[in-house]
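The values are calculated or read from the model by the stated rules, or taken from the named source; none is laboratory data. Nothing here was measured: the structure is a model prediction, and the numbers come from that model. Cβ placement follows ideal geometry from the backbone for every residue including glycine, while neighbour counts extend to all protein chains displayed.
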Amino acid sequence: MAAIVQFIGNRNEQAEKVAESLNLFPVPATALVLFIVLASVMRQIGLAKSAALQALPIYISFAIIAPFVGWIIARIFRLESGSASAVSFSASYRNSFVILPLAFAIPGSMPIIPAVILTQTIVELCFLPIYIRLIPRLFKT
């Protein structure tokens, strides 16, 4: 669907405006999914509060350092601006939702593993707007 919107957006000015406005939806959509997941498992996750809080400083440190690690790697390999931004963004925003269903499926994983993964997701979601502003500035040509 994204490819179709971009394809049409390249050929039509109104479609391009629609495509640009759709760029605003990933963060609220992720927040909605996170809210639904949290609401469904909140009682169990409350039991793992200490494990989640222990992981929090690690996730915040990673969130701060990762864009710059991506920047260094992009510079080492002399990547063009778009590719360099992709490397930095990919290093920073790992989308822990991908592994969350697997964590729920592990026998005996409740409540610790999902709580730690949801903590990671919350940190990623909080840093995402910063990444969206910061990463393109790191690679201005």
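Which of the helices (runs of 4 or more DSSP H) contained wholly in the range 74-141 include at least 2 residues that are more than 30 Å from Met42 (Cα to Cα) and at pLDDT 85 or above? Break it down stepwise before answering.
Numbers: elements: 81-92, 100-105, 112-138.
Counting at least 2 such residues, we get 81-92, 112-138.
Let's see how each residue does on (1) assigned to a helix (DSSP H, G or I); (2) out of contact with any strand residue (DSSP E or B) (no Cβ under 6 Å at 6 or more places or on another chain); (3) at pLDDT 75 or above; (4) closer than 20 Å to Cys126 by Cα:
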{"position": "Val5", "(1), (2), (3), (4)": "yes, yes, no, no"}
{"position": "Ile8", "(1), (2), (3), (4)": "yes, yes, yes, no"}
{"position": "Glu16", "(1), (2), (3), (4)": "yes, yes, yes, no"}
{"position": "Glu20", "(1), (2), (3), (4)": "yes, yes, yes, no"}
{"position": "Leu24", "(1), (2), (3), (4)": "no, yes, yes, yes"}
{"position": "Val27", "(1), (2), (3), (4)": "yes, yes, no, yes"}
{"position": "Val33", "(1), (2), (3), (4)": "yes, yes, yes, yes"}
{"position": "Val37", "(1), (2), (3), (4)": "yes, yes, yes, yes"}
{"position": "Ala52", "(1), (2), (3), (4)": "yes, yes, yes, yes"}
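Leu34 falls short on exactly one of the conditions (1) surrounded by 15 or more Cβ atoms within 10 Å (Cβ to Cβ); (2) assigned by the TED database to the domain that holds Leu118, and that condition is (2). Would you check if Leu47 is aliphatic (A, V, I, L, M) and free of Cβ contacts under 8 Å to residues at least 24 places away in the same chain? No: the conditions fail for Leu47.
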